[in-house]
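Have a look at the structure below before the remarks.
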Amino acid sequence: MSTLNFKHLRYFWMVAKTGSIARAAEQLHLTPQSISGQLSEFADTLGVELFRRSGRQLELTDTGRRILSHAESIFSTGDELLEIVRDQSRTTTTTFRVGCADSVSKLIACRLVAPALGLAEPLRIICREGRLASLLADLAVHRLDLIMADRPMPAHLSVRGFNHLLGESGMTLFGTPALAATLTGGFPQCLDGAPLLLPGEDFAIYGRLLQWLGDNNLHPRIVGEFDDSAMMKAFGQSGAGLFFAPTVIAPQVCEQYAVVALGRVDSLVEQVYAITTERRLSHPATIAISQSARRELFV
């Protein structure tokens, strides 16, 4: 296979997005027979199976899902190009691509990125979220300009990147007023036997939190672990359990999730890093983020 047939790729993408050949045909203003024939030709050219039947529905194969992921990126880039061509005023807008690790609080990420939007030069922010390893792969091929993470880049990865500590914060325990009313004793003894929501093992704070609980002879009832910080807070808002979050965003956590702060642990520290391909920050957006972090957020 010397070249990729992008017309076939778009047909495949539309079928995968709509879930059926008939619906894709309606969107593309073609006959189902034409779409079906083009799909078969595309699969034969690639030498792989793209879909499998599940009743009346089409399901993507594992290979099909991988191809769809690349197709999404390709057509998203194409749509961005068309938007720029249609609106010439956007040709002077700089695009700044930020990756946010799942383990970084979305409230912190938002506050860190916000100053970049206030620059004199028009800036378009594109935010991606995911696991750190996946984001680092995108940084390596320049799909991202900066990654926000709760740990430095692992030393064993062959990715050219540099760690810039933006700041660090102690942790605060939160819970709904109703749940807080059921607790006995002061902080941190009130944690003993209480329902607790933990961050997932991918969080840098995970091991430190368990160590702190052990050092203080506290045995909460672990009711859940979460790979996404916002999901953990949402469960905390529902009253499912207590949860920890960085102290620097305590007022915002209380307001957004209708919870109260029950106590803080300054010795339990969460860090936030900017990972870039720059040894010294030079991009105006990364400089704005770094300066704001030190002057306004982590003070």
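The values are calculated or read from the model by the stated rules, or taken from the named source; none is laboratory data. In this text, all values refer to a predicted model and were calculated from it rather than measured experimentally. So basically every Cβ, Gly included, is an ideal-geometry build from the backbone, and we count neighbours across all protein chains shown. Ligands, DNA and RNA are excluded from the accessible area calculation, which covers all protein heavy atoms including side chains. Shrake-Rupley method; radii C 1.70, N 1.55, O 1.52, S 1.80 Å.
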Run the simple label-point estimate for Thr77 and Cys254 please: 7 Å along Cα→C-beta, distance reported in nm. 4.7 nm
For Lys7, go through the aspartates and glutamates and keep the ones whose alpha-carbon is under 19 Å away, minus same-chain ones fewer than eight residues off. Glu26, Glu41, Asp44, Glu49, Glu72, Asp79, Glu80
Contact order relative to length for the chain, counting C-alpha pairs under 8 Å separated by 6 or more residues, stands in percent at 21 percent
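How do Glu72, Glu296, Glu168 rank by accessible surface area computed with a 1.4 Å probe, from largest to smallest?
I get Glu296, Glu168, Glu72, largest accessible area first.
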In what order, largest first, do Met153, Met231 sit by accessible area if the probe radius is 1.4 Å? Met231, Met153
Helix 32-46 vs. the chain, principal-axis angle (Cα, 0 to 90°, nearest 10): 80 degrees
Per residue, how much accessible surface does the stretch 199-260 expose to a 1.4 Å probe? Answer in Å², no decimals. 47 Å²
Order by protection proxy (mean Cβ within 10 Å, highest first), peptides 282-290, 104-112: 104-112, 282-290
Selection from Val98, Leu28, Ile126 lying farthest towards where the dipole of the chain points positive, charges on Cβ: Leu28
Enter the angle in degrees (range 0 to 90, nearest 10) between the Cα long axis of helix 6-18 and the first principal axis of the Cα atoms of the chain, meaning the one along which they spread out most. 50 degrees
Could the peptides 198-207, 114-123 be put in order, highest first, of the mean number of other beta-carbon atoms found within 10 Å of their residues? 198-207, 114-123
